[in-house]
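Heads up: the structure comes next, in C-alpha cells.
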Amino acid sequence: MFIRFRLVIFGLVLALFAAEGIFRLCGMSAGVPPVPYESSKFVFRAPYAGNSLTGWQLKPGNYQLLQGGRDRAVKISINPDASRVTRKENTAYSRAISKIICIGDSFIFGEGLDDEETLPWRLQELLPDRNVINHGVGGFGTCQTMLRLSQLRELLSHGDIVVYGLSSFHEERNTADPRQDYWIAISSPNHQSSYPRCRKNDNQIVREDSKVWEIIMPLTGRSVLSKIFTDAWLSVLAIRSVQNQRELTFSLLEKMKDISAARGASLIVLLQEFPSDAAIDYQKFLDRSAINYVDGTDIAYRHHLKLPDGHPGSEMAELWAKKLSVFLSKATEEPSK
C-alpha cells in the first residue's frame, strides 16, 4: 500500500514536471517575478509618496530618473503642490486667468518624458493665455483621479477646465481588480497594497481599501504552472469581488463632472487608449451625459510614437496637446453643449 502511494506521488510529480516542460516548449511564460517588480511599486520609488486617500501621490522635488525604457535619465520636476511643472522657472504664472487642470495617469503625468516633453507642458505652450497645471499621477484610474479631483476642488474656479486622460484599462484600476492589485501587493513591504478602489452603493460612490493579498503562490514568476493557477485564482476573485467595471467608470465620470460644475468649472475627457468597441461605448455615454470629449484614440495606436515600455513618446504627447488646444480654442468661442 505504501509503495503504491509513493508511486502515485512520484507519478504526479513527474506529470507536473512534464506539463511544465510542455508549456514552456509551447512558448508560455512563467510571468514576472514579484521582486523586483518596479513598474508597480508606486509608493516605494521616486517620485512617489504615500497618500491616505489616493494610495500614492507625487513627491515634491527635482529628479533625474530612468523611465520609459529610454537609455538616459529624464528630468522630472514636482512643485510643492505635488503637480509637475508645465513652464520654465522664469515664466510668469498669473492667478488672474483661467486654469486648465490636467488629471489622469502616467500618460498625462508624462512617464518617461522630460518636463518639457509632457502633454500639459506642450498644451501650455499652445495656450499661453491659460494656466495649465499637471496633476497626472502614474498608476491612477478614474477612481483615484476622482478622489484626487475632490482634493483639488478648492483650486477650481469659474471658467476653469478639467482635462481627464481616460484609457480603457482604468476600468480594472477603478475596482482594484485582484489581477492587478495582487502584483502591487506582493511587490510591496510585508506584501501589503495601498491601492484604493471605488464601489457604487445606493447611487453613492464609496471609497474602500482594497484587499491585502497575503497568499503568494509558490514559485511565482518562475513556474508556468504556478502562473496558470495564480491567474485562475485571481480571475475567480475578480468575478466574485468586483462590480460592472464600465458602469462604475461611467458613474465616476459623472461624479467628476459634478465636482467640476459645483465650482463653475467644466470637465473634458481625452479618450486615450481604447479598443474600438469600448471607445464607441464611451462616446455614446459622454454624449448622453453632456460631457465634452476629445477623441485621441487614433493617435494612441501609432506604435512608432511610443517609448520602448509602451508609454506615449513626446510626439504622441504633442499630437494630443494639439487636438486639445484646437478643441479648447473652439470651446471658448462657442457655447458648451
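The values are calculated or read from the model by the stated rules, or taken from the named source; none is laboratory data. It should be emphasised that the depicted structure is a prediction, and the values quoted were computed from it without experimental measurement. Note that each Cβ is placed from the backbone with ideal geometry, even for glycine, and that neighbours are counted across all protein chains shown.
Taking the condition modelled with pLDDT of 95 or more, over 20 Å from LYS322 (Cβ atoms) and buried (at least 18 other Cβ atoms within 10 Å of the Cβ), does LEU270 pass? When the stated conditions are applied, LEU270 does not pass them. Among what's in segment 61-80 and is over 20 Å from the mean Cα position of the chain (by Cα) and exposed (fewer than 14 other Cβ atoms within 10 Å of the Cβ), pick the residue that is modelled with the lowest pLDDT. Looking at residues that are over 20 Å from the mean Cα position of the chain (by Cα) and exposed (fewer than 14 other Cβ atoms within 10 Å of the Cβ), I get ASP71.
Against the condition modelled with pLDDT of 95 or more, over 26 Å from LEU155 (Cα atoms), assigned to a helix (DSSP H, G or I) and not aromatic (Phe, Trp, Tyr), how does ASP281 come out, does it pass?
yes
Cβ-Cβ distances below 9 Å connect the following pairs, each with a first residue in segment 34-58 that is surrounded by fewer than 18 Cβ atoms within 10 Å (Cβ to Cβ) and outside any loop (DSSP other than H, G, I, E, B), a second residue that is among the charged types (D, E, K, R) and modelled with pLDDT of 50 or more, and a separation of six or more residues or different chains: GLU38/ARG45; SER39/ASP309; ALA49/LYS59. So the check is Cβ under 7 Å with 6+ separation or different chains; which pairs have a first residue in segment 152-165 that's at pLDDT 95 or above and a second one that's of a type in the set (Phe, Trp, Tyr) and buried (at least 19 other Cβ atoms within 10 Å of the Cβ)? Listed pairs, sorted by first residue: GLY165/PHE107.
Considering only segment 235-242, I want to know if a residue exists there that is at pLDDT 95 or above and out of contact with any Leu (no Cβ under 7 Å at 6 or more places or on another chain). The answer is no; no qualifying residue exists.
In the condition set (1) touching a strand residue (DSSP E or B) at 6+ places or on another chain (Cβ under 6 Å); (2) surrounded by 23 or more Cβ atoms within 10 Å (Cβ to Cβ), ASP160 is compliant with all but (2).
Out of curiosity, is GLU125 surrounded by fewer than 17 Cβ atoms within 10 Å (Cβ to Cβ), at pLDDT 95 or above and out of contact with any helix residue (DSSP H, G or I) (no Cβ under 7 Å at 6 or more places or on another chain)?
Values: surrounded by fewer than 17 Cβ atoms within 10 Å (Cβ to Cβ): yes; at pLDDT 95 or above: yes; out of contact with any helix residue (DSSP H, G or I) (no Cβ under 7 Å at 6 or more places or on another chain): yes.
So GLU125 fits the description; yes.
Looking only at segment 255-278, filter to residues that are touching a helix residue (DSSP H, G or I) at 6+ places or on another chain (Cβ under 7 Å) and assigned to a loop (DSSP other than H, G, I, E, B); which one of those is farthest from ASP71 (Cα to Cα)? Of everything passing the filter in segment 255-278, ARG263 is farthest from ASP71 (Cα to Cα). For segment 291-301, residues that are surrounded by 12 or more Cβ atoms within 10 Å (Cβ to Cβ) and out of contact with any Leu (no Cβ under 8 Å at 6 or more places or on another chain) total 2.
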